[in-house]
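Contents: one structure, followed by commentary.
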Amino acid sequence: MEEVGVRSKICPEATQDNRSFQEVPEGNGFIFFGQVLPIEMCEEILLNVPASDLIKSVTKVCQNWHHLLTTLNFWLRKVKRDGFHLSASIEKRLTEEDLCRALRVLQGISSRAWPLNSNLIHNPSGKDRLKHWIVQHGGNGLKVECPPSGSNAIPEKAGLPTQHCFVSSYTPCVRSQTIILKSHKIEPWIMDILRPEIHVSEWVCARWTVMQKVQQLWSSMEWRKGLLLFTK
């Protein structure tokens, strides 16, 4: 997962809208080979530059580029150019937010500084046995199998890289894990602005040996996906 710093020094002079730029000495922004490059064309070029380069280097080239790269409109376009979708409500919150924070959010999204759209659970399939999990064993205890015994193989559509899976016993087994978003550089105020949906899902299947007890839930030994969705 990429880690890119987004604490830029460009915030203090940031502006809400693109400023009007005056012609500058050759080599200092928008004059190339004696010709004035339109601001719109310069912006289009910079939209194709990786966000990390814009944040760390390009903003230091000259005053004009610095001004362009400290506008909210530019980073709203940049996020969309990089393939991210922002809802109308998020855009509204960003325009109402302190500009430095709004820029940090957009720069963080574009530079992939945070693990958005990623699985934050450690050892989700049991490949590392019970590492990272807090377990309450019941019956014969929670175990890990690879491949699963007494059921069909985990389907490819599950998108899992391994056939490892957790196996419970004849009485309930519980496993839990705490995810601290701040350890992933996601501050509470960032969550307040983005308000992302949090998906918690798990693929489950019954063994053939217990099919009669759970036939009201499973009509076959097929794997099924359970999903919980948390929104704010």
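I'd like to check something: does the stretch 8-22 contain any residue that is modelled with pLDDT of 50 or more and more than 26 Å from Glu91 (Cα to Cα)?
Scanning the stretch 8-22, I find no residue that is modelled with pLDDT of 50 or more and more than 26 Å from Glu91 (Cα to Cα), so the answer is no.
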I'm checking my understanding of the structure. Among residues of the stretch 163-220 that are within 19 Å of the chain's Cα centre (by Cα) and of a type in the set (Ser, Thr, Tyr), which one is modelled with the highest pLDDT?
Thr178
Checking the condition among the hydrophobic types (A, V, I, L, M, F, W, C) and modelled with pLDDT of 90 or more, which residue from Ile31, Ile55 passes?
Ile55
Do you know which of the residues in the stretch 51-76 that are β-branched (Val, Ile, Thr) and within 15 Å of Leu106 (Cβ to Cβ) is farthest from the chain's Cα centre (by Cα)?
Thr59
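Output the residues belonging to the stretch 142-172 that are closer than 13 Å to Ala206 by Cβ, of a type in the set (S, T, N, Q) and out of contact with any helix residue (DSSP H, G or I) (no Cβ under 8 Å at 6 or more places or on another chain).
The first filter runs over the stretch 142-172 and keeps only residues closer than 13 Å to Ala206 by Cβ, leaving 148-152, 165, 167-168, 170.
Narrowing further to those that are of a type in the set (S, T, N, Q): 149, 151-152, 168.
Listed by number, the residues that qualify are Ser149, Asn152, Ser168.
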Criterion violated by Glu156 - all others in (1) without any contact (Cβ under 8 Å) to a residue 24 or more places away in the chain; (2) surrounded by 16 or more Cβ atoms within 10 Å (Cβ to Cβ) satisfied
(2)
If you scan the stretch 90-121, which residues turn out to be free of Cβ contacts under 8 Å to residues at least 12 places away in the same chain and among the acidic types (Asp, Glu)?
Glu96, Asp98
In the stretch 130-187, what residues are touching a Leu at 6+ places or on another chain (Cβ under 9 Å), in a loop (DSSP other than H, G, I, E, B) and either over 30 Å from Val105 (Cβ atoms) or assigned by TED's automatic domain parsing to the domain that holds Val105 (or both)?
Leu130, Trp133, Leu142, Ile154, Ser168, Ser169, Cys173
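The values are calculated or read from the model by the stated rules, or taken from the named source; none is laboratory data. On a predicted model such as this, the values are computed, not experimentally measured, just so you know. Neighbour counts run over all protein chains shown; Cβ positions are idealised from the backbone, glycine included.
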